[in-house]
Every structure is written in C-alpha cells, then in structure tokens.
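Novice: My questions will all concern the structure given below.
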Amino acid sequence: MRFLNSNWVEAVLATMLASLAIILDLRGGHVVTVALDIAACAAAAATARWARAGSAALALILAVYFVIPREWVTMGEYAPLIPILGTGMRGNKQLRAVISAAFLTMLTALQYHDYPERGTLFLFAGLVWAALIAACWLIGDLFSALRRNHAATQRAALTEQRLTLARDLHDTIARSITRLSLTARLARGSGNPADLDDVIDHIHDLGNELRWVMSVLHDPSQTRPAEATGSLQNTIAALQADLTKHGFPTTVTVEGTGPDSIPEPIQYALNDVLAEAAANIERHAVPGKPCALLGVIDTERAEFVIINEHDPSKETSGTRMGLEGMRRRLAPYSGGIETRRENPRWTLHITVPLPPARSGSSSSMTTSTSEPA
C-alpha cells in the first residue's frame with residue numbers, strides 16, 4: 001500500500017515499457033524510435049509528480065509519431081495508459097477524463113496513419129484502445145476506493161485510540177484526583193496525622209498513572225496497566241468500605257449464586273464499572289445519605305442496581321464520559337446500563353447476560369450494612 005501511494009508506480013511501469021521498447025526497437029534497427037519511445041516513457045513517468053506538464057509533453061511526443069515511417073515499430077504508443085492509470089489511482093478524475101479523451105483521439109488517429117489501406121477498420125482499433133483505457137479507469141477507481149477505505153480505517157482507528165485514551169484518563173487520573181480530594185478533605189477534618197498516609201498513597205498512585213499516560217503518549221502501542229484482578233465479591237466489599245469511609249453509608253445485598261460464579265472476564269469488567277459507579281457517588285451524591293447496592297445473579301444474567309441521593313449543588317456540565325466508559329466495558333459481553341433520575345434519587349441499573357455453561361448452582365444471599373465510623 002505504501003508503494004502504491006508513492007510516485008513510483010508510474011516510474012516502474014514506464015521503466016518496464018521502456019525496457020520492452022528498447023529490445024524491440026533495437027531489433028528493428030531504428031535509433032529514432034528508440035529515442036522517441038524512451039522519451040514517451042520518461043514523460044509518462046513524470047506525470048506522477050507533474051501530471052499536467054507530463055501529459056502535455058507526452059502528447060507532443062505522440063504527435064511526432066505521425067511523421068515517422070509507419071513501418072517502424074513503436075512501443076511508446078502504450079505510454080499514455082500509464083498517466084491514465086496513475087491519475088485514476090490518485091482520484092484526479094477531471095484530469096483523467098481530459099487526457100483520456102485526448103490520448104484516445106491521438107491513438108485512434110495513429111492507427112489510421114499506420115494502416116490507411118484498411119479504411120474504417122481504424123475505428124475498430126480505436127474501440128480496442130477505448131477498452132484498454134476503460135480497464136485503466138476500472139483499476140484506478142478500484143485502487144482509489146481501496147485507498148479511501150484504508151484512510152478511513154486509519155482515521156477511525158486513530159479516533160478510537162483517542163477515545164480509549166480519554167476514557168482511560170477518566171478512569172484513572174480523574175477518578176484518582178476525585179478520591180485524593182475527598183481523602184484530603186477527610187484528613188483535614190479529622191485532624192489525625194495518620195489519615196495523611198491515605199493522602200500520600202493516593203498521590204503515589206496518581207504519580208504512577210501520570211507516568212503511564214506519558215508512556216502512552218510516547219508509545220501509543222502500550223496498553224493500560226491491568227486492573228486489579230480480584231474477585232467481584234472482594235471488589236464490592238472494598239467499595240462498600242471506601243464509600244462508608246468517605247461519608248456515604250452503604251448497604252450491599254447480593255442474592256443468587258454469588259459474584260464468584262460469574263466468569264472472570266465479566267467480573268473484571270464489572271469491577272471497573274462498579275468502581276466508576278462508586279466514584280460517581282463520591283462526586284455527585286449527598287454526603288451522609290445512605291446508598292444501596294442491590295444485586296441478583298442467576299444462571300442467565302447478573303444485575304446490579306445502585307441507588308443514592310443526588311446532590312443538585314454538585315451538578316456539572318460534564319461529558320458523561322464515565323457512563324459511556326461503563327457501556328464500553330460491558331459491550332463485549334452484551335451488557336449495558338440504564339440510568340434514572342427521580343429527584344433526589346439517582347438509580348443506576350447494570351445488566352450483563354451470562355454464558356450458559358457455568359459452575360456453581362447453589363443459591364446464596366449476602367447482606368451487609370456499613371455505617372460511617
């Protein structure tokens with residue numbers, strides 16, 4: 001693809017045609033035709049960079065063929081096919097149409113010049129040239145479409161890469177800064193120097209995430225560091241403790257086969273989704289008001305409902321990137337989220353279908369409630 005996008009296509013084709021012309025012309029013993037054919041091929045190669053000037057020069061060279069003896073064999077007459085093909089490959093349809101009409105007229109007239117005794121049969125030769133030109137049009141259009149699709153694919157990949165980076169920045173640095181702010185506020189309010197250790201830990205984590213961002217900007221092929229691969233049960237317990245510590249007393253109720261019965265890849269996706277949901281509670285919920293995480297897990301699906309009281313004073317004009325990030329995390333598993341706002345209650349509904357073959361069918365129920373310390 002890189003070679004076809006370069007200016008070497010016309011040069012390679014012209015070199016091949018010139019080599020064939022030299023072999024045939026020297027066998028015929030006419031030095032003039034060798035010079036003319038090489039000049040025609042050189043002009044055809046020049047159209048890669050100077051399309052109009054090269055095509056005009058090629059037309060002038062073709063005009064010289066009208067004054068040489070018609071018995072002389074010439075291969076330069078095939079040179080016009082090269083710029084016709086090249087302009088089509090580069091999507092220059094207007095210039096291609098002009099030079100195609102001009103060269104078709106000249107080539108058809110050359111057929112009459114070479115074989116005047118055949119009368120109107122030169123028109124049939126013109127149809128043959130028209131067919132060759134049409135084939136060049138078809139090949140050029142196919143390549144032009146392929147190149148456009150390739151460019152569109154590259155643009156889409158770049159856009160997806162930027163969206164992924166923006167989502168990961170939101171899921172790492174933005175989330176860490178929010179928690180750092182809350183932790184620092186709690187440490188200031190408590191007056192306990194030991195609480196500063198949590199602030200220091202958050203700053204350390206934030207530094208690691210910033211280093212990862214710099215690495216990605218330097219080398220986009222790098223992937224985001226793997227999320228914690230703990231079980232969903234442990235993640236729920238950790239989120240409950242963290243929310244409670246930050247002033248959001250949280251009740252957790254999970255019914256059914258239990259989080260550990262969910263396949264690990266889906267657990268990891270839910271880990272990240274629930275972490276983002278907890279971060280949204282810390283950013284937008286009313287401190288001191290109870291929150292609830294309700295879950296139902298059976299052989300067909302895993303559902304979670306998170307309920308908290310929304311604080312209108314924390315309303316922002318954000319991009320809802322967190323919610324979009326949740327949807328992207330669950331999309332590979334045909335999962336999704338729904339949100340509902342009924343002032344002052346905010347509800348997040350998470351649903352993920354589960355594969356049919358799963359181990360563990362015993363029913364269990366886990367209920368826990370944490371109060372602020």
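Novice: As an exercise, identify the GluC sites (Glu not before Pro) in the range 1-84 lying in DSSP coil whose Cβ has no more than 11 other Cβ atoms within 10 Å.
Specialist: Of the GluC sites (Glu not before Pro), the ones in loops of the range 1-84 whose Cβ has at most 11 other Cβ atoms within 10 Å are 71.
Novice: Expressed in nm to one decimal, what extension gain is obtained for the pair residue 211 and residue 113 from 0.36 nm per residue of sequence separation less their Cα-Cα distance?
Specialist: Result for the pair: 27.8 nm of gain on full extension.
Novice: Got a sec to turn the phi values of the range 14-27 into Karplus ³J(HN,Hα) couplings, 6.51 cos²θ - 1.76 cosθ + 1.60 with θ = phi - 60°, whole Hz, x for Gly and Pro?
Specialist: 5, 5, 5, 5, 5, 4, 5, 5, 4, 5, 6, 5, 5, 5
Novice: Karplus couplings for the range 333-341 from phi (6.51 cos²θ - 1.76 cosθ + 1.60, θ = phi - 60°), rounded to Hz, Gly and Pro as x?
Specialist: Calculated HN-Hα couplings, in order: 10, 6, x, x, 10, 9, 10, 9, 10 Hz.
Novice: Per 0.36 nm of contour for each residue apart, how much would the distance between residue 93 and residue 241 grow if the chain were fully extended, relative to their Cα-Cα spacing?
Specialist: Net length gain for the segment: 46.6 nm.
Novice: Ranking request for peptides 85-92, 147-154: highest mean number of other beta-carbon atoms within 10 Å first, then the rest in descending order.
Specialist: Per-residue mean Cβ counts within 10 Å order the peptides as 85-92, 147-154.
Novice: Determine the gain in length on full extension of the stretch residue 146-residue 338; use 0.36 nm per residue of separation and subtract their C-alpha separation, reporting nm with one decimal.
Specialist: My answer for the length gained is 65.2 nm.
Novice: Continuing with this model, one more query. Which of 251, 325, 269 sits closest to the plus end of the dipole of the range 232-353, meaning its Cα is farthest towards the positive end, when Lys and Arg get +1 and Asp and Glu get -1 on the C-beta?
Specialist: The one lying farthest along the dipole's positive direction is 325.
Novice: Return the distance in nm (one decimal) between the two label points of a simple spin-label model at residue 102 and residue 67, each offset 7 Å from Cα along Cα→Cβ.
Specialist: 1.9 nm
Novice: Could you derive backbone 3J(HN,Hα) for the range 280-296 from the dihedral phi with the Karplus parameters 6.51, -1.76 and 1.60 (θ = phi - 60°), listing whole Hz in sequence and x where the residue is Gly or Pro?
Specialist: 5, 4, 5, 7, 10, 8, 7, x, x, 7, x, 10, 9, 10, 10, x, 9
Novice: Would you grab the residues whose amide H sits under 5 Å from the one on residue 301? Only those 5+ places off in sequence or on another chain, please, with H modelled 1.01 Å from N.
Specialist: Placed amide hydrogens put 354 under 5 Å from residue 301.
Novice: Given a Förster distance of 30 Å, report the FRET efficiency between residue 292 and residue 197 from their Cβ-Cβ distance, rounded to the nearest 0.05.
Specialist: Once the sixth-power term is evaluated, E becomes 0.50.
Novice: Could you list the residues of the range 7-40 with an amide nitrogen less than 20 Å from a label point located 7 Å from the Cα of residue 60 in the Cα-to-C-beta direction?
Specialist: Residues 32-40 fall inside that zone.
Novice: While we're on this one: Place a point 7 Å from Cα of residue 23 in the direction of its Cβ. Which residues in the range 101-138 have their backbone N less than 17 Å from it?
Specialist: none
Novice: Projected onto the charge dipole of the range 6-116 (+1 at Lys/Arg Cβ, -1 at Asp/Glu Cβ, origin at the Cα centre), which of 67, 99, 17 gives the Cα projection farthest towards the positive end?
Specialist: Value computed over the given set: 99.
Novice: Mind checking the alpha-carbon convex hull of the range 44-85 and giving the volume per residue in Å³?
Specialist: Each residue corresponds to 56 Å³ of Cα convex hull volume.
Quick note: the coordinates plus some simple rules give every number you see, no bench work behind them. For clarity, every value in this text was computed on a predicted model and none was experimentally measured. Here Cβ is always computed from backbone atoms with ideal geometry, including for glycine, and neighbour counts include all displayed protein chains.
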